[in-house]
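K.L.:
Attaching a single structure in structure tokens format; questions to follow.
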Amino acid sequence: MADNANSVNIEKKPYHHGDLRVALIVEGLNMLDEGTAESLSLRELARRVGVSAPSVYRHFPDKEALMTALAQEGLKRLGVSQHEAAEAAGGGKAGFAATGRAYVRFALANPALYRLIFTSPLIAAYRASAGERPEAFDFLLANAGAQVGADPESQTARVAAVEAWALVHGLAMLMLDGQIPADEALIDAVC
């Protein structure tokens, strides 16, 4: 993965008596870079990490559990990318716009992971069952609230956050689906 490869801290070498769960996630992310979530196989993942298939099932009882872990890691990496972009732009309105551009660029750099995060019900179901709200959404609410001069938990901030998210998500999907060209100048102009 090009963006935020340091989110899971592991060297890119075959698994040898380290943290197998982390090794499986890292290799799963690598496999997503090469294909789609649907094409990812637990047996192939085990082979690539250098362990037996039953070893994978000790950490992920099924493919859905692995996909949820990959989507969670993807959300973390997206959040890191957006935070870095906001800081680099100096915060404020420029920082808020930079988070939108980072969102679209993350999607384009990580299409299978992005689709897993946002088109699969897995992560939403996990968050709902855990009673959690994604950190990235909290960050979006805080930034949107600051832009419109409202408390981040207010309806005004929520509407501004959803409008901003819908814009960048729609742009990302249009570009990923080939409906419009993945053009850096267009990303800068729209976001």
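K.L.:
Could you tell me whether residue 80 is out of contact with any helix residue (DSSP H, G or I) (no Cβ under 9 Å at 6 or more places or on another chain), within 30 Å of residue 184 (Cα to Cα) and assigned to a helix (DSSP H, G or I)?
P.N.:
yes
Table: residues versus (1) within 30 Å of residue 149 (Cα to Cα); (2) buried (at least 17 other Cβ atoms within 10 Å of the Cβ); (3) under 21 Å from the mean Cα position of the chain (by Cα); (4) hydrophobic (A, V, I, L, M, F, W, C).
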residue: 40; (1), (2), (3), (4): no, yes, yes, yes
residue: 52; (1), (2), (3), (4): no, no, no, no
residue: 71; (1), (2), (3), (4): no, yes, yes, yes
residue: 99; (1), (2), (3), (4): yes, yes, yes, no
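K.L.:
Is it the case that residue 151 is farther than 14 Å from residue 99 by Cβ and modelled with pLDDT of 90 or more?
P.N.:
No: the conditions fail for residue 151.
K.L.:
Report every pair of residues separated by at least 6 positions or lying on different chains whose Cβ atoms are under 9 Å apart, first residue within the range 55-70 and assigned to a loop (DSSP other than H, G, I, E, B), second among the polar types (S, T, N, Q) and at pLDDT below 90.
P.N.:
Every condition considered, the pairs that remain are 60/68.
K.L.:
Scan the range 78-100 and give yes if some residue there is over 19 Å from residue 169 (Cα atoms) and among the β-branched types (Val, Ile, Thr), otherwise no.
P.N.:
No, the conditions are met nowhere in the range 78-100.
K.L.:
Considering each of 96, 106 in turn, give the residue that is in contact with a Ser or Thr (Cβ under 8 Å, 6 or more places away or on another chain), among the hydrophobic types (A, V, I, L, M, F, W, C), part of a helix (DSSP H, G or I) and within 15 Å of residue 187 (Cα to Cα).
P.N.:
Being in contact with a Ser or Thr (Cβ under 8 Å, 6 or more places away or on another chain), among the hydrophobic types (A, V, I, L, M, F, W, C), part of a helix (DSSP H, G or I) and within 15 Å of residue 187 (Cα to Cα) holds for just one of 96, 106, which is 106.
The values are calculated or read from the model by the stated rules, or taken from the named source; none is laboratory data. If you're wondering where the values come from, they're calculated on a predicted model, not measured in any experiment. Cβ atoms come from the backbone with ideal geometry, glycine included; neighbour counts cover every protein chain shown.
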